[in-house]
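Here the structure comes first, spelled out in structure tokens, and everything after it is commentary.
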Amino acid sequence: MRILIIENEVTQSKTLSDTLTQEGYQNDVAENLDDARYFLQIRNYDLVLLGWPSGSDKNLDIISTIKTEAHKTSVIVLSEREDKESEIKALRSGADDFIRKPLDFDILLVRIEAKLRFGVSNIIEIDDLIINPEEEKIIYEGEEIELKGKPFEVLTHLAMHKDQIVSKEQLLDAIWEEPELVTPNVIEVAINQIRQKMDKPLDITTIETVRRRGYRFCFPKKIS
């Protein structure tokens, strides 16, 4: 599970990040909305923790972006605002939950677990193809396909951004924890494994190469 923390209070964001890491959640920290939009563009998140400071309503604007482009992502607003109207405003803006600061981390973790447990399914279904990211499982026409590890993650990321061109750099940033330590060739290896283990045996095309730009998920597209 991956969580994005949008919080401009450095001490708060570090405490949140450390707590989530200890609980086994992968997480990224964005200190401003521009950074948040970048992370949302390159990575898939199960949940967003959105800090909402007292002095501005700007942070709530990003909720509509999240729900439009990644509608399966839950959003929990964290704010020191104590009035009922602010909670109503956040929920009407599309937030899935509202928690007041100072944070009780035991309560926060339980609320996160609840949202991840009962949130919208991340299963991708396109015609006869089913991709289940949580179980790392692919089913085509009722038969399970053996594709695991990074090739599975590459396929899933591209499927989640269907019909969009995704560059090698974006794939590296989205999937590898330390993208600077690997070369873009690992993407080509992953794509080749997808084509060898899945596309050729099934007589389908799932991913097409867009020269000099990257890759695009294009299923359904029969090759014969």
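The values are calculated or read from the model by the stated rules, or taken from the named source; none is laboratory data. Quantities reported herein were computed from a predicted structural model and do not represent experimental measurements. Neighbour counts run over all protein chains shown; Cβ positions are idealised from the backbone, glycine included. Remember, those area values only see protein heavy atoms, side chains included, never the ligands or the DNA or RNA. Shrake-Rupley method; radii C 1.70, N 1.55, O 1.52, S 1.80 Å.
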Candidates (1) 49, 42, 33; (2) 74, 31, 28; (3) 62, 36, 29; which is the computed Cα extents along the principal axes in Å? (3)
Determine which aspartates and glutamates satisfy two conditions relative to K197: a Cα distance under 19 Å, and not lying fewer than 8 residues away in the same chain. D128, E135, E136, E141, E143, E144, E146, E153, E188, E208
As a test of the formula, what do you get for the chain when each DSSP H run with n ≥ 4 contributes -39,500 (n - 2.57) and the sum is divided by the residue count, at 222 nm and rounded to the nearest 500 deg cm²/dmol? -11500 deg cm²/dmol
In region 139-224, GluC sites (Glu not before Pro) in a DSSP loop with at most 13 other beta-carbon atoms within 10 Å: E141, E146, E177
If one takes the longest principal axis of the Cα atoms in the chain, at what angle in degrees, from 0 to 90 and to the nearest 10, does the Cα axis of helix 105-118 lie? 40 degrees
Could you list the GluC sites (Glu not before Pro) in region 1-102 that lie in coil according to DSSP, counting only those with at most 10 other Cβ atoms within 10 Å of their Cβ? E82
Relative contact order for region 128-175, counting Cα pairs under 8 Å that sit 6 or more residues apart, in percent: 25 percent
For region 1-159, report the accessible area per residue in Å² (1.4 Å probe, heavy atoms, rounded to an integer). 51 Å²
Distance check, please: which entries in K115/K200; K67/K137; K115/K168; K72/K221 exceed 27 angstrom between their Cα atoms? K115/K200; K115/K168
Between N132 and E69, what length in nm is gained on full extension when 0.36 nm per residue of separation is reduced by their alpha carbon distance? 20.8 nm
Between region 158-224 and region 54-120, how far is it from one alpha carbon centroid to the other, in angstrom? 33 Å
Please list, by residue number, every one of the trypsin sites (Lys or Arg not before Pro) in region 142-176 that is coil in DSSP and has at most 14 other beta-carbon atoms within 10 Å. K148, K162
Rounded if a/c is under 1.5, else prolate if a/b beats b/c, else oblate: with a ≥ b ≥ c from the C-alpha gyration tensor eigenvalues square-rooted, which is region 108-174? oblate
Over region 1-137, with every protein chain in place, what whole percent of the accessible area is carbon and sulfur at 1.4 Å, could you tell me? 46 percent
Note on region 17-107: alpha-carbon gyration tensor, axes a ≥ b ≥ c; rule is a/c under 1.5 for rounded, else prolate if a/b larger than b/c, else oblate; result oblate
Residues of region 203-223 with amide nitrogen under 19 Å from the 7 Å Cα-to-Cβ point of Y38? none
